[in-house]
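Chemist: Encoded as structure tokens, here's the structure I'll be asking about.
Every number here is computed from the coordinates shown, using simple stated rules; none is lab data. Treat the numbers as computed from the prediction; the structure is a model and nothing was measured. All Cβ positions, glycine included, derive from the backbone under ideal geometry; neighbour counts span all protein chains shown.
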Amino acid sequence: MNVTEGLKLVRERLIDNNATDATVAHVDSILKRASVPSVGGAAAQSLLQLTRMLMRHPTAASNSAIYNDLALLEEQLESNALSAAQRAQEEANKPMPKTHKYYKELKEKEKKQQA
């Protein structure tokens, strides 16, 4: 994921969470720095990683309102990731139907055993 796109998504989510103006300004300042052409195609693994990076920034460390807004977003992202992982695990553990070929081979084995 491109950092600038990720920061825009983080900003939108913060606005949806009614974050303080200081938090949005903090993300805007980081977004402005990330938009510089010399940064190029900087990448991040996920929104959760970006949020954690924003939380470690000195501005967030010095302002508890910013930190709390980012911590709330981090909690939401973690719970979303956890539920998605659980859904994927349930999908992977779902029993798969047997093919026609499997039953045909099973029938042939039974015939050979009886003969």
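Chemist: I need the helices of the chain that pass two filters: whole DSSP H segments spanning 15 Å or more by Cα along the axis, and mean Kyte-Doolittle score no lower than -1.0.
Modeler: Helices meeting the span and hydropathy rule in the chain are 3-16, 21-34, 64-93.
Chemist: Show me 107-115, 78-86, 58-66 ranked by packing, highest mean number of other Cβ atoms within 10 Å first.
Modeler: Answer by packing, highest mean first, reads 58-66, 78-86, 107-115.
Chemist: Run the dipole for the range 22-115 about the Cα centre, Lys and Arg Cβ at +1, Asp and Glu Cβ at -1, nothing else charged, and hand back the magnitude in debye, nearest 20.
Modeler: Around 800 debye, computed over the range 22-115.
Chemist: Among the aspartates and glutamates, select those whose C-alpha is under 20 Å from the C-alpha of K101, and discard any that sit fewer than 8 residues away in the same chain.
Modeler: E110
Chemist: Subtracting the Cα-Cα distance from 0.36 nm times the residue separation, let me have the gained length for K111 to Q89 in nm, one decimal.
Modeler: 4.1 nm
Chemist: Let me ask another. Which order results if M1, M53 are arranged by neighbouring Cβ count within 10 Å, fewest first?
Modeler: M1, M53
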